[in-house]
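Quick notes on the structure that follows.
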Amino acid sequence: MKRAFLSVLVVFVLAALSCSSPGKSTTCCEEACRIWESCWSYEACMTACTAEGDWCGSYIECIRGKSCQQLQVCE
């Protein structure tokens, strides 16, 4: 039981680190840049996102469904 709990804990910690560390994972960047794509170059978006590395969770929720003019409020 203890081993299973530790395994789950490790998975959550690694997932959190991959989302907040630049260059570790592009999953959040890919999702955010698909949303931004109609307003901004996908390549430029990916470069900015991977450099900053913190476009996960609440940021993606904020930009989802917004117009190009509204996207800036989430920054």
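Take the Cα of Arg34, step 7 Å toward its Cβ, do the same at Lys66, and the gap between the two points is 1.9 nm. Rounded to whole numbers, the Karplus 3J(HN,Hα) couplings from phi for the stretch 34-45 are 5, 5, 6, 3, 6, 10, 8, 4, 4, 5, 5, 4 Hz, using 6.51 cos²θ - 1.76 cosθ + 1.60 with θ = phi - 60°, and x at Gly and Pro.
Once phi is turned into θ = phi - 60°, what whole-Hz ³J(HN,Hα) does the Karplus curve with 6.51, -1.76 and 1.60 give for every residue of the stretch 69-75, x standing for Gly and Pro? Using θ = phi - 60°, the values come out as 5, 7, 4, 4, 5, 7, 6 Hz.
Throughout, read-outs are computed from the coordinates displayed, never taken from laboratory work. In this text, all values refer to a predicted model and were calculated from it rather than measured experimentally. No Cβ is skipped: glycine too gets one built from the backbone with ideal geometry, and neighbour counts run over all protein chains shown.
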